[in-house]
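These notes are about the structure you will find just below.
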Amino acid sequence: MPYLDTVSVYVPEGTDSQGRPKHLATVPSEMQSVHEMVELAGRQIDSSALSAAADSMAASFHCGTLYQGEHFWPIQNSLQESVLGKTSAGSATEIRQFCSGGLYGVMLADAVLQAGWAGENAMVTGGDSIFYFDRHAYAASPATEGSLLGDSGFCALLNRDDGFARIVSAAARSHNPSAGMMHGRTDGAIDDPKFPTLADWITRWEDYDRRGLGTVRDNAMASFRVAVKTVTQCYERAGVKPDDIDWFAPSFIEPSYVTDMLAKQTFLQPTPGLYSFAAQFGHLTVSDFGVNLAYLMNNKIAKVGDLVLLFAAGNFVNCAAVLLRIEKEVTLPFNLLA
């Protein structure tokens, strides 16, 4: 199985004009773009490692929760060139799996390297800049019941034969009925082409509740059961028992009882201190898995030989789990102290 070579996370530093942490700003002019944040995450990686990866790149994948840049602009190609410094470097693909996209990218990169694509390395980038609606209003809305979304970018390199963590197993599942909550129509016809405002987004969820096709709460419960199945499939297919897993590191989800219950239902133990550490940033969408790894590695919590199970969920629709075995003790690039 291939290896994670490094994972770099960048979170905007400082405060905005309202005194809020910069990554939780509400004024678009005070925010950084996804492209900028991913580039900065890439610059935190040793240049020789990037150069070596670029010289033998099988594929790169870019992910984000929602809006990534201008429509029709292949941001994945622009990022591949700017991060690797190459005009051509393997295939470049954009994926959209909402907040689980980071782990989906890792899984796809792992699959590409296992399949024997030309090239010894793969890259995964991702990020979100929540400039299109008020993130604080989104988190406070009883309709969305969303976590407070923070801006961030990440860059991960994978290698076929070497790295700090070997990918032991992966699993992903979807709950397709939840897709209806995010569509403005009751059929599969052309949707409203404009990007929805927060009010539009909330209306879609409320309208879905009134359609009689299954409530948002029903979908939440069903998607939780899917999440449980994803986690258990991930370790069972590797022949690993729950007690063998040293660290369970799910993405940051509010309220905390959601991930506590997920741990209980999958016979795993929450990693001490991880939730409170992640809470200072909010939910960093696709970058959460990188923050979790930085917490475990940079604080010398995970040791060589330890098994780490990462989990991420994407807006009731998709979830992913990746099981890693730590092969080297390293410090991962993260511009905020871990």
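The values are calculated or read from the model by the stated rules, or taken from the named source; none is laboratory data. Being a predicted model, the structure only gives us computed values, none of them experimental. Cβ: placed from backbone, ideal geometry, glycine included. Neighbour counts: every protein chain shown. Just the protein is used for accessible areas: all its heavy atoms, side chains included, with ligands, DNA and RNA removed. Shrake-Rupley method; radii C 1.70, N 1.55, O 1.52, S 1.80 Å.
Key figures for this structure:
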quantity	calculated
Ranking by accessible area, most exposed first, for V226, V304 with a 1.4 Å probe	V304, V226
Lys, Arg +1 and Asp, Glu -1 on Cβ, resulting dipole of region 125-238 about Cα centre, debye, nearest 20	420
Dipole in debye (nearest 20) - region 168-326, about Cα centre, beta carbon charges: Lys, Arg +1; Asp, Glu -1	300
Efficiency of FRET from Cβ geometry, D187 and S256, R₀ 35 Å, rounded to 0.05	0.40
Inter-label distance for N176 and N298, nm, one decimal - labels placed 7 Å from Cα along Cα-to-Cβ	4.1
Region 3-163, accessible area per residue, ligands and nucleic acids excluded (1.4 Å, Å²)	39
FRET efficiency estimate (nearest 0.05) - Cβ-Cβ, M1 to F72, R0 30 angstrom	0.25
Contact order relative to length of region 3-163, as percent, for alpha carbon pairs under 8 angstrom and 6 or more apart	36
19 Å Cα cut-off, lysine pairs counted over the chain (separation 8 or more, or different chains)	6
D128 accessible area, assembled protein chains, probe 1.4 Å, Å²	0
Top of L324, L284, L198 by mean-square fluctuation, Gaussian network on the chain, Cα under 10 Å	L198
Computed helical MRE - 222 nm, the chain, DSSP H runs ≥ 4 contributing -39500 (n - 2.57), nearest 500	-9500 deg cm²/dmol
Karplus-derived 3J(HN,Hα), 6.51/-1.76/1.60, for each residue of region 178-191, Hz, glycine and proline x	5, 4, x, 5, 9, 10, x, 10, 8, 10, x, 6, 4, 8
Distant-in-sequence amide H partners of S169 (H built 1.01 Å from N, under 5 Å)	L323
Under the Karplus curve 6.51 cos²θ - 1.76 cosθ + 1.60, θ = phi - 60°, whole-Hz ³J(HN,Hα) for region 47-52, x wherever Gly or Pro sits	4, 5, 5, 5, 5, 5
Computed E for D55/T331 - FRET, C-beta separation, R0 30 angstrom, nearest 0.05	0.75
Spin-label zone in region 261-277 - amide nitrogen under 17 Å from a point set 7 Å from the Cα of R225 along the C-beta vector	262, 265-266
Accessible area, probe 1.4 Å, largest first, for residues R185, R96	R96, R185
3J(HN,Hα) from dihedral phi, region 291-306, Karplus parametrisation 6.51/-1.76/1.60, rounded to Hz, x for glycine, proline	4, 4, 5, 4, 4, 5, 7, 6, 9, 6, 7, 7, 10, 4, x, 5
